[in-house]
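None of the figures in this text is laboratory data; all of them are computed from the coordinates on show. Predicted model only: the values in this text are computed from it and were never measured. Cβ atoms come from the backbone with ideal geometry, glycine included; neighbour counts cover every protein chain shown.
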């Protein structure tokens with residue numbers, strides 16, 4: 001990753017710390033879902049944790065959380081917000097965890113990587129999760145309305161219900177891409193949307 005990209009995320013972390021709320025709560029439907037699918041005191045990886053708002057939200061639900069971020073400035077803010085949590089300055093592409101987490105969380109992280117890099121990240125997530133562990137993510141998603149607007153602006157664009165701009169997808173596109181990389185779609189929760197995926201088993205993979 002080049003210095004310009006790191007500088008961009010350092011600046012975004014500075015902006016978020018100064019201007020955004022330091023408290024965020026998951027919607028009630030997400031809280032209920034997490035409490036249903038995860039064991040008490042489950043270990044969660046917040047990958048691309050930013051200034052640590054979601055780390056704090058998970059800790060409020062009494063889960064153990066490890067946060068990582070590529071921005072050193074973001075990590076310092078996340079540590080300040082969560083002095084008792086484990087927050088590390090690390091690129092997602094450099095993680096070496098294996099069979100450790102019940103859930104991995106990302107918020108607007110995958111959408112910033114091209115598809116090849118996303119595949120590399122998802123392979124690391126797959127390895128890091130316990131068997132049948134979960135991936136909870138919210139990512140930029142093209143709706144039918146946004147696709148219609150795009151078509152109006154650029155009529156030559158061939159749009160499908162799995163359309164992608166090379167980074168983000170339509171909902172069906174995300175579900176298909178994740179399935180191709182070992183994650184079964186469990187649930188989509190609007191309006192963000194949140195996506196819940198589960199790490200596929202070996203049997204699931206060979207059946208496809």
How much mean residue ellipticity at 222 nm does the chain get from its helices, if each DSSP H run of length 4 or more adds -39500 (n - 2.57) and you divide by all residues, to the nearest 500 deg cm²/dmol? -12000 deg cm²/dmol
Per-pair calculated FRET efficiency, R0 = 25 Å: residue 36 and residue 115 via Cβ, rounded to 0.05: 0.20
List the extent of the Cα atoms of region 3-207 along each of their three principal axes, largest first, rounded to whole Å. 52, 43, 33
Between residue 160 and residue 80, what FRET efficiency follows from the Cβ-Cβ distance if R0 is 35 Å, with the result rounded to 0.05? 0.20
Under 10 Å, Cα contacts only: if you run a Gaussian network model on the chain, which one of 66, 44, 104 comes out with the highest mean-square fluctuation? 66
Using Cα-Cα distances under 8 Å and only pairs 6 or more residues apart, what relative contact order does the chain have, in percent? 15 percent
Two pseudo-spin positions, 7 Å from Cα along C-beta at residue 201 and at residue 149, lie apart in nanometres by 4.4 nm
Between residue 8 and residue 89, 0.36 nm times their residue separation minus their Cα-Cα distance comes to what? 27.6 nm
Mind jotting down the distance between the C-alpha centroids of region 112-128 and region 44-96, whole Å? 19 Å
Test of understanding: what is the full-extension gain from residue 28 to residue 97, defined as 0.36 nm times their sequence separation minus their Cα-Cα distance? 21.9 nm
Which order do 194, 97 fall in if you start with the one that has the fewest other Cβ atoms within 10 Å? 97, 194
Candidates 89, 54, 105; GNM for the chain (alpha-carbon contacts under 10 Å) flags as most fluctuating 89
Mind telling me which of 167, 195, 134 comes out most flexible in a GNM of the chain, alpha-carbon contacts under 10 Å? 167
